[in-house]
Ligand SMILES: O=C(O)COP(=O)(O)O
Ligand SMILES: [Mg+2]
């Protein structure tokens, strides 16, 4: 990159945690591919790509549960339903890990923003509800993995965002105090985790939020990564002192 860094000289945070799906990457093409491969195996109708964003954000079990409901085969309550969900989830993850980056792309400007922060010595983390295994696979394949100090995917601990535990674990692995960090995400699950952890939050408006992004309660809303440096400057004003 030859562009001059637009980040403020005195950067207000030691570390930035990013959500993955809908924030750094548009993963819906490959999530849809794996879901439809799983549905084909079950002899069920496929989901349309435009249905899939509404399924993403709370982890793979919720993704599969919502997809099954969308094709008219909702997962039943009780032990039989739980066993079916386990089976379908495990198969979905296998299929997704086989082809995780056929159509997945980083959003415009995301990689440059990450490289800029990294070059300035800001520690970077990913905190995602996507299962941890495929998370690592996707990040490796897209060349993002070396930029991050810590990656916490779904299943490493039982809690998922909006619970603050995965975000706090990410920060612990990064060696960054919550009062010196910010989160960038795309859904109310990210905002909830950030609020509960005492971390200010930027929300992108181009992800997979199930509610209008402006109503999700983030501190700052951005429409492109070009707006991120200004968003951090505004966040610094709402951040708790270290
Ligand atoms: O896989 C999901 O459901 C969500 O992943 P995210 O937390 O990176 O948005
Ligand atoms: Mg997301």
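The values are calculated or read from the model by the stated rules, or taken from the named source; none is laboratory data. Note that the coordinates shown come from a computational prediction; the quantities given were computed from them, not determined experimentally. A quick note on method: Cβ atoms are made from the backbone with ideal geometry, for glycine too, and the neighbour counts reach across all protein chains shown.
Of 197, 242, which residue is farther than 23 Å from residue 55 by Cα and at pLDDT below 95?
Details: 197 fails: at pLDDT below 95.
It is 242.
Starting from residues that are outside any loop (DSSP other than H, G, I, E, B) and in contact (Cβ under 8 Å) with a residue 60 or more places away in the chain, keep the ones in the stretch 38-61 and report whichever is farthest from residue 187 (Cα to Cα).
Taking the stretch 38-61 first, the residues outside any loop (DSSP other than H, G, I, E, B) are 38-41, 49-55, 60-61.
Filter again for in contact (Cβ under 8 Å) with a residue 60 or more places away in the chain, leaving 53-54, 60.
Numbers: 53: 11, 54: 10, 60: 15 Å.
Among those residues, the one meeting the criterion is 60.
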Of everything in the stretch 40-66, what is more than 16 Å from ligand 2 (Cβ to nearest atom) and within 14 Å of residue 87 (Cβ to Cβ)? Give them in sequence order.
41, 42, 44, 64, 65
When residue 151 is run through (1) in contact with a strand residue (DSSP E or B) (Cβ under 9 Å, 6 or more places away or on another chain); (2) closer than 23 Å to residue 52 by Cα, the failure sits at (2)
Test for residue 126: is it assigned to a strand (DSSP E or B), within 16 Å of ligand 2 (Cβ to nearest atom), modelled with pLDDT of 95 or more and surrounded by 14 or more Cβ atoms within 10 Å (Cβ to Cβ):
yes
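Check whether at least one residue in the stretch 108-118 is assigned to a strand (DSSP E or B) and over 18 Å from residue 27 (Cβ atoms), and report yes or no. Full working, then the answer.
Taking the stretch 108-118 as the starting set, the residues that turn out to be assigned to a strand (DSSP E or B) are none.
Looking for residues that are assigned to a strand (DSSP E or B) and over 18 Å from residue 27 (Cβ atoms), one finds none in the stretch 108-118, hence no.
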Given the criterion surrounded by 14 or more Cβ atoms within 10 Å (Cβ to Cβ), within 15 Å of ligand 1 (Cβ to nearest atom), under 30 Å from residue 184 (Cβ atoms) and in contact (Cβ under 8 Å) with a residue 60 or more places away in the chain, identify the matching residue among 64, 101.
101
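Yes/no matrix, rows are residues, columns are (1) assigned by TED's automatic domain parsing to the domain that holds residue 113; (2) over 13 Å from the mean Cα position of the chain (by Cα); (3) within 15 Å of ligand 2 (Cβ to nearest atom):
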position	(1), (2), (3)
177	yes, yes, no
184	yes, no, yes
189	yes, no, yes
204	yes, no, yes
222	yes, yes, yes
Given the conditions (1) surrounded by fewer than 22 Cβ atoms within 10 Å (Cβ to Cβ); (2) part of a helix (DSSP H, G or I), and given that residue 34 satisfies all but one, which numbered condition is not satisfied?
(1)
Looking at 149, 170, 135, which one is surrounded by 20 or more Cβ atoms within 10 Å (Cβ to Cβ) and farther than 20 Å from residue 63 by Cβ?
170
The stretch 144-168 residues that are outside the structural domain of residue 216 (by TED's automatic domain parsing), paired with ones that are not in a loop (DSSP other than H, G, I, E, B) (beta carbon under 6 Å, 6 or more apart)
none
Working only within the stretch 67-98, note down all residues that are within 17 Å of the chain's Cα centre (by Cα) and without any contact (Cβ under 8 Å) to a residue 60 or more places away in the chain.
93, 97
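Using the structure shown, decide if residue 190 is assigned to a helix (DSSP H, G or I), modelled with pLDDT of 95 or more and within 16 Å of ligand 1 (Cβ to nearest atom). First the steps, then the outcome.
Values: assigned to a helix (DSSP H, G or I): yes; modelled with pLDDT of 95 or more: yes; within 16 Å of ligand 1 (Cβ to nearest atom): yes.
For residue 190, the condition - assigned to a helix (DSSP H, G or I), modelled with pLDDT of 95 or more and within 16 Å of ligand 1 (Cβ to nearest atom) - is met.
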Would you confirm whether or not the stretch 30-49 contains a residue that is within 24 Å of the chain's Cα centre (by Cα) and modelled with pLDDT under 95?
no
